[in-house]
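A quick write-up on the structure given underneath.
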Amino acid sequence: MKYVVILNGADCAPAREVAEALRAAGVTAAALDDSAAAREGEAALVRAQWEGEPLAALFDVEAGADMAELHMRVLRAQAVWPGVPLVACQRDAVTTGPRAAQRFDDATLKRLGFHAVAEEPAQLSALLREVEERGTGDKLLTDESQAVAPASLLLPERLGVGRLRAAFETVASLHFAADQRGAAQAALAGLAALVQADRWTLYLIGEAAPAGEPPFEPLAVRGLTRSERAVPDADWRRALLGDALSLAGSESRAAHAAALCAETVRRKEGDRRVVAVPLVSGERVLGVLEAVREGERARPFSCGDASLLSALALPLTAALSNSARVAEAERLSQTDDLTKLHNARYLRQYLVTELKRARRYGSPVCAFFLDLDDFKQVNDRHGHLVGSHVLMEMASVILSSVRDTDVVARYGGDEFVVVLPETDIEQGLYVAERVRERIAHHEFTGGRGLRLRLTASFGVASFPAHAQSPQRLIARADTAMYEAKAARKNCVRFAAETVRDA
């Protein structure tokens, strides 16, 4: 019996229209999750059940699907189902409006590795019959006399060896970027060697504001046009913001059009020639890559230029998305889940850097350790949910009592540490006393309209008077805090001066 396997992404099911089209064609379907860890075992079971290879491996491709993710799914299918033709069946997304998801064209899907493409489920019957007549995926490629371009780049045809090498080097450089700005700068450096332009700019696009279009934020810029170079270096915008941010608000109309329609746009705007390439991830435009040539004799960007930039937009978008996810993961790893303050891990890293800076410039650093008095009674009397809300309120009270340059961290439980750069012991004692008073006079609601009064005990220590290392600085402040506990609580104590320790 003829059968096909439908390979679905995680948490996806094939469209009803696809199943009905296969049923009408007399073809049985076996739906598999192609992201399952045991997919090879599942493939073996399917082969054993149906006594042979499937007629095709079918992908139900929704408009606006993430191209990089689709590429990875194709690579998995090629490994698990070698020689089986890969068929893409396109269907429209339900998204509507000016940013409706775009369908892939046949050429793009074939460069991704598909052997045949159905524009809609109704075409599946005839397409599968053709696939059955022509044989395996390898034969389909040979008969069509085309080689599938590397899906990681989707580069246009007839690209010279030099530009091909430069394109691959550009993509390779993105793997070494530590953050979004680094990825953007590496990409612009590589693109400048591929396509001549007076200025390259990469804009990130924020979420749409209720009253207008989403904001464009210049992330990186390379080169300037003649009119932009005429702006004096002493201009306050250039001096304060740098070249990238000084271009905020000067994005081209082509950039806005590219973001709106999610397609590459080439335009002439006054004496400028512009090409703008959207950086699309799934159904969202993350940003726009803009290249500008200025002057009466400026050449327009060619179709080949636009195709090359559109191809390189895929790995660039992936690099920006990945670096953003890495940065967010790093931020979360250094943030306390409950209070959203820094956690002890971040505090240790920060103190190492801050004490190195203070030692170099001969400046003091003060830290105070505070522990809430009898906080266990709050949990015992009102429950842990109230206690958690009180800790969130406590974070707000402390933050409002110190400078923006000071660092506040939740050390654990009901313990907090505040680091005051360029602050000596006298100033640190003053700030600690101010925080103590504000805590004592604050009425904590616990999220339930309660009027709870709390106090805290403080221990203060400073670098270099009391400690020479981050660990000793916190330890000395902690010891002083316990002295405050032993005294009468709700007070501030400071570490005694000591000889310099290692």
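Values quoted throughout were computed directly from the atomic coordinates according to the rules given, and no laboratory measurement underlies them. Source: prediction; values computed, not measured. FYI the Cβ positions are ideal-geometry reconstructions off the backbone, even for glycines, and counts take in every protein chain you see.
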Given Gln471, Gly428, Leu370, which one lies farthest toward the positive end of the charge dipole of region 370-495, if we put +1 on the Cβ of every Lys and Arg and -1 on the Cβ of every Asp and Glu?
-> Leu370
Taking Cα centroids, how far is region 257-307 from region 419-484 in Å?
-> 55 Å
Between the DSSP loop rule and a limit of at most 11 other Cβ atoms within 10 Å, which GluC sites (Glu not before Pro) in region 282-352 are left?
-> Glu296
Quickly work out the Glu217-to-Glu433 label distance, labels modelled 7 Å from Cα along the C-beta direction, and quote it in nm with one decimal.
-> 4.1 nm
Region 376-405 residues near the modelled Leu450 label - backbone nitrogen below 13 Å, point 7 Å along Cα→Cβ | 376-394
Could you go through region 465-476 in sequence order and give the Karplus-derived ³J(HN,Hα) for each residue, using 6.51 cos²θ - 1.76 cosθ + 1.60 with θ = phi - 60°, rounded to whole Hz, and x for Gly and Pro?
-> 5, 10, 7, 10, 10, x, 5, 5, 4, 5, 5, 5
Once label points are set 7 Å from the Cα along Cα→Cβ at both Ser333 and Glu119, what is their separation, rounded to one decimal in nm?
-> 4.9 nm
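Asp33 to Glu17: extension gain in nm, 0.36 nm per residue of separation minus the Cα-Cα distance? Please list the in-between numbers first.
Details: separation 16, 0.36 × 16 = 5.76 nm, distance 1.86 nm.
Here the answer is 3.9 nm.
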Calc'd 3J(HN,Hα), region 443-449, phi into Karplus 6.51 cos²θ - 1.76 cosθ + 1.60 (θ = phi - 60°), Hz, glycine/Pro = x, comes to 9, 8, 8, x, x, 10, x
Rg (one decimal) and Dmax (whole number) from the Cα set of region 431-502, in Å, equal 15.0, 50
Can you give the extra length, in nm with one decimal, that the chain gains between Arg229 and Leu399 once fully stretched, where that is 0.36 nm per residue apart less the Cα-Cα distance?
-> 56.9 nm
Placing each pseudo-label 7 Å from Cα in the direction of the beta carbon, Tyr482 and Ser469 end up separated by a distance in nanometres of 1.8 nm
Gain upon complete extension [Ala63, Arg253; 0.36 nm per residue less C-alpha separation] | 65.8 nm
Placed amide H near Ala220: partners under 5 Å, 5+ positions off or other chain | Leu202
